[in-house]
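Please read the structure below before turning to the comments.
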Amino acid sequence: MQYTIAPLYCRPWTLNGISPRLIESHYENDYGNALDRLNSIAAELDALDLATTPAHVVSRLKRDEATALNSTLLHELYFASLGGDGRAVPEDMATAVTRDFGSVNRWRQEFTALADGLAGGSGWVLLTYMPRDGRLINHASAGHDQGLAGGIPILALDMYEHAYHQEFGANATAYIAAFMRNIDWNAVLTRYRDATKVAPPPRLEQKQFPDLPSISVEEVRSMLDAGQKVQIIDTRPRHYSTRAQDMMLGATWRDPEHVDEWIGELSKTDPVVTFCVYGFHIGCETAETLRKAGFDARYMAGGHYAWKAIKGAVKLLE
Ligand SMILES: [Fe+2]
């Protein structure tokens, strides 16, 4: 695969305090070199006989490829982040930023703090949309390598010295201020809108139990913390208990094979939460049985292990 060059997105002569000369040199040399390096690595990889090439050679080339590709992509985003007046944040963008950072000002303080932290070093400061949670996050990377899996960066500040040294010398603070003055918020908003169209990773679907309501482990923990009455039933199969050593604190083990024997002990006024090992079958089946019998029952998604994974309290299994 060979990558093509992206034309310069911002109009260098419109920038305020960042000269066309700096942008031209950055685009031609640093961005151009990254793309050139990327294409030679890609060609080298294409030509490899993978049956005979040592694994360490493949690893090194793939690492170099990822670095060059990230550098290429981030430079394209950097040039596409400039060209506005920095101050006028469009309403929809300001709403999203306020939702996730408290205020536009807080976002700005955090973003510039990350940039200050890279002064004299090298790396990127990014504003990224995370489809998993439908939220924005600021993050910084040392070098070109670091990203957030599944994240879609929508604003990039290049903190490599080559991005400013020629014009600002060692004065990274002045460069950061100039960058902030030139953010093209309309372009950021367009990328934000596109990013929000990306669906979050698909959630676990329980096709066997399409209408059965579940409850998350976090919700159960909040109920317990708030002292709410809730009947929690561990329905891990009897044979499983020989392997298991612990049990959710506040839960009672009941044999899922013999619901009839213990259903009479439950209250119909307080909610019931059932769970099994991972939350796939037995906890669901038990919840379904209890619902049919008129109980307000739900299964705990993720089961025993999700509870353990959020560091929920456990007791030793007798
Ligand atoms: Fe750069």
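Every number in this text was worked out from the coordinates using simple rules, so none of it is lab data. Everything quoted here is computed from the prediction, not taken from an experiment. Note that each Cβ is placed from the backbone with ideal geometry, even for glycine, and that neighbours are counted across all protein chains shown.
A few remarks follow.
- Amide H partners (placed H, <5 Å) of Ser122, local residues excluded: Gly143
- When you restrict to C-alpha pairs under 8 Å that are six or more residues apart and normalise by the size of the stretch 1-97, the relative contact order lands at 43 percent.
- From its DSSP helices (H runs of at least four residues, each -39,500 (n - 2.57)), the chain gives a residue-normalised ellipticity at 222 nm of -12000 deg cm²/dmol.
- For peptides 184-193, 221-230, sequence by mean Cβ density within 10 Å, most packed first: 184-193, 221-230
- Whole-Hz Karplus values for the stretch 24-32 come out as 4, 5, 5, 5, 5, 8, 6, 5, x Hz, taken residue by residue from phi with 6.51 cos²θ - 1.76 cosθ + 1.60 and θ = phi - 60°; glycine and proline positions read x.
- The stretch 1-81: chymotrypsin sites (Phe, Trp or Tyr not before Pro) falling in loop per DSSP and having at most 16 other Cβ within 10 Å: Tyr3, Tyr9
- Annotation for Asn29 and Arg60: the two label points, set 7 Å from Cα along the Cα-Cβ direction, are 2.7 nm apart.
- Given in Å, the Rg to one decimal and the Dmax to the nearest whole number for the Cα atoms of the chain are 27.3, 82.
- Nearest-0.05 FRET efficiency for Arg181 and Met1, computed from C-beta distance (R0 41 Å): 0.65
- Violating pairs (Cα-Cα greater than 27 angstrom) within the set Lys292/Lys315; Lys229/Lys311; Lys197/Lys308: Lys292/Lys315; Lys197/Lys308
- Whole-number percent relative contact order across the stretch 164-318, with pairs defined as alpha carbons under 8 Å at least 6 apart: 25
- Summary of the geometry: the stretch 109-170 and the stretch 182-200, compared by the centres of their Cα atoms, lie 16 Å apart.
- Degrees, to the nearest 10: 91-101 long Cα axis against longest axis of the chain: 60
- C-alpha long axis of helix 185-196 to longest principal axis of the chain, angle in °: 30
- Based on C-alpha pairs under 8 angstrom that are at least 6 apart in sequence, the stretch 118-244 has a relative contact order of 23 percent.
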